[in-house]
1. Spot the failing condition for residue 62; the list is (1) in a strand (DSSP E or B); (2) within 28 Å of residue 172 (Cβ to Cβ), and only one is missed.
2. Look through 83, 17 and report the one residue that is modelled with pLDDT of 95 or more, surrounded by 14 or more Cβ atoms within 10 Å (Cβ to Cβ), farther than 30 Å from residue 157 by Cα and more than 16 Å from the chain's Cα centre (by Cα).
3. Would you be able to tell me the number of residues in segment 32-59 that are in a loop (DSSP other than H, G, I, E, B) and touching a helix residue (DSSP H, G or I) at 6+ places or on another chain (Cβ under 6 Å)?
4. Go through segment 19-31 and report how many residues are within 14 Å of residue 90 (Cα to Cα), out of contact with any strand residue (DSSP E or B) (no Cβ under 7 Å at 6 or more places or on another chain) and in a helix (DSSP H, G or I).
5. Kindly indicate which of 170, 111 is surrounded by 16 or more Cβ atoms within 10 Å (Cβ to Cβ), within 18 Å of residue 71 (Cβ to Cβ) and modelled with pLDDT of 95 or more.
6. Could you give every pair whose Cβ atoms fall below 8 Å, whose first residue belongs to segment 56-67 and is on the phi > 0 side of the Ramachandran plot and surrounded by fewer than 18 Cβ atoms within 10 Å (Cβ to Cβ), and whose second residue is modelled with pLDDT under 95 and in a loop (DSSP other than H, G, I, E, B), counting only separations of at least 6 or pairs across chains?
7. Tell me the residue from 98, 120 that is crowded, with 16+ Cβ neighbours inside 10 Å and within 29 Å of residue 8 (Cα to Cα), please.
């Protein structure tokens, strides 16, 4: 069942047959290099984690193009008291470089502000992840700060950037 549909793109619930694909996506070296915990996972560890998720605090969907899964979107630390959450997403390696990230992030903003009725969303991005930063600024995110030397990769410390968008900012770019 589609949660959100926009032209040929959609978000749908995660189904049982998606979990091996999600493990493969997570364990992609590029994904592991750009997330906070760079350790590969197994299907068993993924399923333990998946079954521990609180549906009131986290929403996770498969991102599809023409009903084919191409990515995974995450809305987590949902705080309905203060109307905000953290966003994250990944495009499967077999679909990168095809212009799918921008519409995915636009839909994530639509879901955040129009469906969840949040006031603010945020994300973190590795300072070396120029492609992601270009996507985020391209859909209207603004950098608000730096978490210095918070990622350790290949014997070196790197910064993470904090980025955000408010509902007012979202409405102004529609």
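The values are calculated or read from the model by the stated rules, or taken from the named source; none is laboratory data. Since this is a predicted model, take the numbers as computed values, not measurements. As a convention, Cβ positions derive from the backbone with ideal geometry for all residues, glycine included, and neighbour counts pool all protein chains shown.
1. The one condition residue 62 does not meet is (2).
2. 83 is the lone residue from the list that is modelled with pLDDT of 95 or more, surrounded by 14 or more Cβ atoms within 10 Å (Cβ to Cβ), farther than 30 Å from residue 157 by Cα and more than 16 Å from the chain's Cα centre (by Cα).
3. At the first step, the residues of segment 32-59 found to be in a loop (DSSP other than H, G, I, E, B) are 35-42, 53-58.
Those still in the list that are touching a helix residue (DSSP H, G or I) at 6+ places or on another chain (Cβ under 6 Å) too: 38, 41.
Adding up the residues that qualify gives 2.
4. Final tally of qualifying residues: 5.
5. After ruling out the rest, the residue left standing is 111.
6. As it stands, the answer is 66/8, since those pairs meet every condition given.
7. Details: 98 fails: crowded, with 16+ Cβ neighbours inside 10 Å.
Of the residues listed, the single one that is crowded, with 16+ Cβ neighbours inside 10 Å and within 29 Å of residue 8 (Cα to Cα) is 120.
The rows are residues; the columns are (1) over 19 Å from residue 4 (Cβ atoms); (2) in contact with a strand residue (DSSP E or B) (Cβ under 9 Å, 6 or more places away or on another chain).
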| residue | (1), (2) |
| --- | --- |
| 89 | no, yes |
| 115 | no, yes |
| 121 | no, yes |
| 139 | no, yes |
| 143 | yes, yes |
| 152 | yes, yes |
| 155 | yes, no |
| 167 | no, yes |
